[in-house]
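The values are calculated or read from the model by the stated rules, or taken from the named source; none is laboratory data. Computed from a predicted structure; not experimentally measured. Glycine also receives a Cβ, built like all others from the backbone with ideal geometry; neighbour counts cover every protein chain displayed. Please note that ligands, DNA and RNA were not included when accessible areas were found on the heavy atoms of the full protein model with its side chains. Shrake-Rupley method; radii C 1.70, N 1.55, O 1.52, S 1.80 Å.
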Amino acid sequence: QVQLVESGGGLVQPGGSLTLSCAASGSLSSRNTMGWFRQAPGNQRELVAAITSGSSANYADSVKGRFTVSRDYVKNMVYLQMNSLKPEDTAVYYCNARSGFYVYWGQGTQVTVSS
């Protein structure tokens, strides 16, 4: 069983920055993808960014150039550096890990961008 625990959410002004962290524990296969999804009220959960165990990353078009996903393979953590935040980035952000048929989710952390 894999557990994912997020941290780093909060309230930030438009144009500000925030870094989310996710710690993974348990037996996650060495070939895996970790990343971040988000869900705003009334919207479906959507992919924000993901990074494979081979360090290949992909991003939603709406965050390209503003967000950066990274991993610490020793600590088994994944990060999301968010810059130039906009009100439309407001959502609950979920850490995600998947390997083969297995998919794991964190409990979510709220990010609110507002003045």
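Quick notes on this one:
- Cβ separations smaller than 6 Å between residues 6+ apart or across chains give the following pairs from segment 20-47 residues that are under 15 Å from Gln1 (Cβ atoms) to residues that are part of a loop (DSSP other than H, G, I, E, B): Ala24/Asn76; Gly26/Gln1; Asn32/Ser53.
- Strands (runs of 3 or more DSSP E) lying entirely in segment 45-115 (those with 2 or more residues that are among the polar types (S, T, N, Q) and surrounded by fewer than 19 Cβ atoms within 10 Å (Cβ to Cβ)): 67-72, 109-113
- Conditions (1) open to solvent by 50 Å² or more (accessible area, probe 1.4 Å); (2) touching a Lys or Arg at 6+ places or on another chain (Cβ under 9 Å); (3) modelled with pLDDT of 95 or more; number of the one not met by Arg38: (1)
- Selection of segment 1-19 for residues being surrounded by fewer than 18 Cβ atoms within 10 Å (Cβ to Cβ), over 15 Å from the mean Cα position of the chain (by Cα) and either closer than 17 Å to Phe37 by Cβ or in contact (Cβ under 8 Å) with a residue 40 or more places away in the chain (or both) yields Leu11, Gln13, Pro14, Gly15, Gly16.
- Put simply, of Asp72, Asp61 the only residue that is acidic (Asp, Glu) and at pLDDT below 95 is Asp72.
- Exactly one residue out of Leu47, Leu28, Leu11 is aliphatic (A, V, I, L, M) and within 17 Å of Lys64 (Cβ to Cβ), and it is Leu47.
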